[in-house]
1. Note the full-extension length gain between residue 33 and residue 50 as 0.36 nm times their separation in residues minus their Cα-Cα distance, in nm to one decimal.
2. Which length gain, in nm to one decimal place, applies between residue 78 and residue 101 when the Cα-Cα distance is subtracted from 0.36 nm times their residue separation?
3. Starting at the first residue of the stretch 102-112, write each ³J(HN,Hα) from the Karplus equation 6.51 cos²θ - 1.76 cosθ + 1.60 with θ = phi - 60°, in whole Hz, x for Gly and Pro.
4. With every protein chain in place, what's the accessible area of residue 163 (1.4 Å probe, Å², nearest 10)?
5. Express in Å², to the nearest 10, the accessible area of residue 116 obtained by rolling a 1.4 Å probe over the protein heavy atoms while all chains stay in place.
6. At 7 Å along Cα-to-Cβ for each site, give me the label-to-label distance between residue 128 and residue 188 in nm.
7. Please arrange 102, 40, 91 by accessible surface area, largest first, computed with a 1.4 Å probe and ligands excluded.
8. How much length would be gained if the chain were fully extended between residue 202 and residue 143, taking 0.36 nm per residue of separation minus their Cα-Cα distance, in nm to one decimal?
Amino acid sequence: MLAVALTVTAMLGYVPACASTAEPPRFSNLPAKCFAGLDDTLKELAGPLYGLQRFDGPDLPANGTSQMTCTTKFQDSANTLKRAGQPYQRDITIMYSLYLDDGGQDAVTRAKDNFRSSVIRPANVTPSSSLNVGEEAASWPGNANFSGWNVEFRESNLVVVVTVAGSDYAMDFTGKVTVQEWSKIPGELRGPAELAAKGVAQHPI
């Protein structure tokens, strides 16, 4: 996934420090460890896949300490989808972008501007308070090249993008574990992706 890193600068006039109205940023560091505090959320996301095979990608910092991407995959290689030849799996990616004061614009304002001018979110997707994730959030499906679901949210000076993808188990009406057809998976991932985003919002760092 491409990191979001738009730099917005603004010249501020001189204002005495005691008269500053800038919102103080809540965060000064990125997570020390990927998926810290998210075990319960990951169990819900992976369902029957949790505890089978798990593959964690490397923690990928970018641009010094301003961005970080975490990925994990839960999989059952013993069973595959007949149609797509893919193993049952659930993929989760979290990308953090931390904004700090840069001498020209305060950190929270920078985060707000970059969230609202997101370069990865489709132009027709607008933030919605109904998601109840962070202070601002937006949710949208993948496209023909990526059958997943994305949630982007801002909490103070931190912008987070959560993506959930994969071809995974589902419960049928008898309670038996089965698997959905590949074509149905994207539409079923919105709930899991928004659940994951809420979990991350509760443990942002």
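The values are calculated or read from the model by the stated rules, or taken from the named source; none is laboratory data. These numbers were taken from a predicted model, which means no experiment stands behind them. When we count neighbours, we look across all protein chains shown, and the Cβ atoms used for this are built from the backbone with ideal geometry, even at glycine. Note: areas computed on protein heavy atoms with side chains; ligands, DNA, RNA excluded. Shrake-Rupley method; radii C 1.70, N 1.55, O 1.52, S 1.80 Å.
1. Numbers: separation 17, 0.36 × 17 = 6.12 nm, distance 1.96 nm.
Going from the current span to full extension adds 4.2 nm.
2. Values: separation 23, 0.36 × 23 = 8.28 nm, distance 4.98 nm.
Contour length minus Cα-Cα distance gives 3.3 nm.
3. Along the stretch 102-112, the couplings run 10, x, x, 9, 5, 4, 5, 5, 4, 4, 4 Hz.
4. Approximately 10 Å² for this residue.
5. Estimated to the nearest 10 Å², residue 116 gives 140 Å².
6. For residue 128 paired with residue 188, the spin-label model returns 2.1 nm.
7. Values: 102 70, 40 110, 91 40 Å².
In descending accessible area the options line up as 40, 102, 91.
8. Working: separation 59, 0.36 × 59 = 21.24 nm, distance 2.83 nm.
Value of the extension gain: 18.4 nm.
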